[in-house]
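Engineer: Can you keep this structure in mind? I'll have questions shortly.
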Amino acid sequence: MSGLNPIDYGIINGRVIYNVTPMPHIPGAEAVGVVMKDHGTFREGDRVIIYNRVYDGTCPKCLGGNEHLCINGGIWSVVSNGGYSEMVSVKAVNLFPIPKGISNEVAVSLPVGALTAYRALKRASSGAGKKLLVYGASGNTGIFLTQLGNIMGMEVYGVTRKTWTRDFGAHTIYDAENIPSDFKADIVVNSIGSGFWNSAMSHLDISGTLVTFGVQTGKEATIDISQIYSREYSIVGSTGGTRKDFHEVMEIAEKFKLKVRVSDRFQLGDYARALKRYEEIRDGRVILLNNR
Ligand SMILES: [Zn+2]
């Protein structure tokens, strides 16, 4: 099973900030499946999920515990073929067993959506009692930012037109155009790029933190430098997460029963339609099944 996500969509549409290899290319940054052959502690038939970073384990970033920033690595499915495939071959260090309490549809949403959300919140010095404003709250990462923000004891405000985001624990939902001008949050997550940059900055409270990790609406923005220092803002970038982060996300997913909303399921061979659906409607996740 695979899930459609912004990484795959960017690759397919030639909108990438990374070098894609090999060509022709199989995308698919999120994949769960079963082990086909015993290896190490893995047994044939085990349900597993792929930690989607390729890393060498020897560079300064890896040795510092940040293998997701490996100098010689990259995102599995970008610097290698990915999971839109019946069978894949990956290193055992990239495989994690899926705990019994986690469904495949939740599991397949953990390596991109949940992991990115989790690390972003960690890097933003999240904490109980803080106000968190999430742009794109109904998106792949948004639904996890909302759930994880709640678990961390924060009051979560979502920016989206989808009222179902409330089911994921949003305290209040705003249309982008209707956020009260005096509303301020301690942490603002803008994962959708420059189209919402000014709005995001305008709702950041004094000494607040803005977190960013996506450029769906553009990657260039203008910054008022005086605001950054006079209000002591922090601007933090985040990308994916470490294996430790991933392990923690898995524990949280099981303990707090993280959930996803799936709008459509397609067979792998039908992924042109799946992509079209992903493009047209953002009303939950689009999943690719591999029922051989
Ligand atoms: Zn490395």
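Engineer: Output the residues belonging to region 255-272 that are in contact with a strand residue (DSSP E or B) (Cβ under 7 Å, 6 or more places away or on another chain) and assigned to a loop (DSSP other than H, G, I, E, B).
Structural biologist: Once the filter is applied, which keeps residues that are in contact with a strand residue (DSSP E or B) (Cβ under 7 Å, 6 or more places away or on another chain) and assigned to a loop (DSSP other than H, G, I, E, B), region 255-272 yields VAL260, ARG261.
Engineer: OK, next. With within 16 Å of the ligand (Cβ to nearest atom) and either in the same structural domain as ASN190 (by TED's automatic domain parsing) or buried (at least 16 other Cβ atoms within 10 Å of the Cβ) (or both) as the only criterion, which of GLY74, GLY153 stands out?
Structural biologist: GLY74
Engineer: Sort out which residues of region 210-254 are among the aromatic types (Phe, Trp, Tyr), in a helix (DSSP H, G or I) and free of Cβ contacts under 8 Å to residues at least 40 places away in the same chain, and write them in order of number.
Structural biologist: Correct list: TYR229 only.
Engineer: Where in region 86-183 are the helices (runs of 4 or more DSSP H), entirely inside, with at least 3 residues that are touching a Pro at 6+ places or on another chain (Cβ under 6 Å) and of a type in the set (Val, Ile, Thr)?
Structural biologist: Because the criterion is at least 3 residues that are touching a Pro at 6+ places or on another chain (Cβ under 6 Å) and of a type in the set (Val, Ile, Thr), no helices (runs of 4 or more DSSP H) in region 86-183 meet it.
Engineer: Which residue pairs have Cβ atoms closer than 6 Å, lie 6 or more positions apart in sequence or on different chains, and pair a first residue in region 53-69 that is farther than 15 Å from PHE246 by Cβ with a second residue that is more than 6 Å from the ligand (Cβ to nearest atom)?
Structural biologist: LYS61/LEU69
Engineer: Could you grab me the full set of residues in region 43-63 that are part of a loop (DSSP other than H, G, I, E, B), over 21 Å from the mean Cα position of the chain (by Cα) and near the ligand (Cβ under 9 Å from one of its atoms)?
Structural biologist: ASP56, GLY57, THR58, CYS59, listed by residue number.
Engineer: For residues that are of a type outside the set (A, V, I, L, M) and in contact with a strand residue (DSSP E or B) (Cβ under 6 Å, 6 or more places away or on another chain), scanning just region 6-45, find the one that is surrounded by the fewest Cβ atoms within 10 Å (Cβ to Cβ).
Structural biologist: For region 6-45, the residue satisfying everything is GLY45.
Engineer: Pick from ARG123, ARG119: which is assigned by TED's automatic domain parsing to the domain that holds ILE192, closer than 30 Å to PRO22 by Cβ and away from the ligand (no atom under 16 Å from the Cβ)?
Structural biologist: ARG119
Engineer: Going residue by residue through region 274-286, is there one that turns out to be under 27 Å from VAL188 (Cβ atoms), in a loop (DSSP other than H, G, I, E, B) and at pLDDT 95 or above?
Structural biologist: No; the residues of region 274-286 include none that is under 27 Å from VAL188 (Cβ atoms), in a loop (DSSP other than H, G, I, E, B) and at pLDDT 95 or above.
Engineer: Another question about this same structure. If you check GLU232, GLU280, which single one turns out to be at positive phi and of a type in the set (D, E, K, R)?
Structural biologist: Going through GLU232, GLU280 in turn, just one is at positive phi and of a type in the set (D, E, K, R): GLU232.
Engineer: Take region 257-292 and flag every residue that is farther than 17 Å from VAL108 by Cα and either of a type in the set (Phe, Trp, Tyr) or free of Cβ contacts under 8 Å to residues at least 40 places away in the same chain (or both).
Structural biologist: Matches in region 257-292: GLY269, ASP270, ALA272, ARG273, LYS276, ARG277, GLU280, ILE281.
The values are calculated or read from the model by the stated rules, or taken from the named source; none is laboratory data. Fair warning: this is a prediction, and the values are worked out from it, not measured in the lab. Glycine gets a Cβ as well: all are built from the backbone with ideal geometry, and neighbour counts include every protein chain shown.
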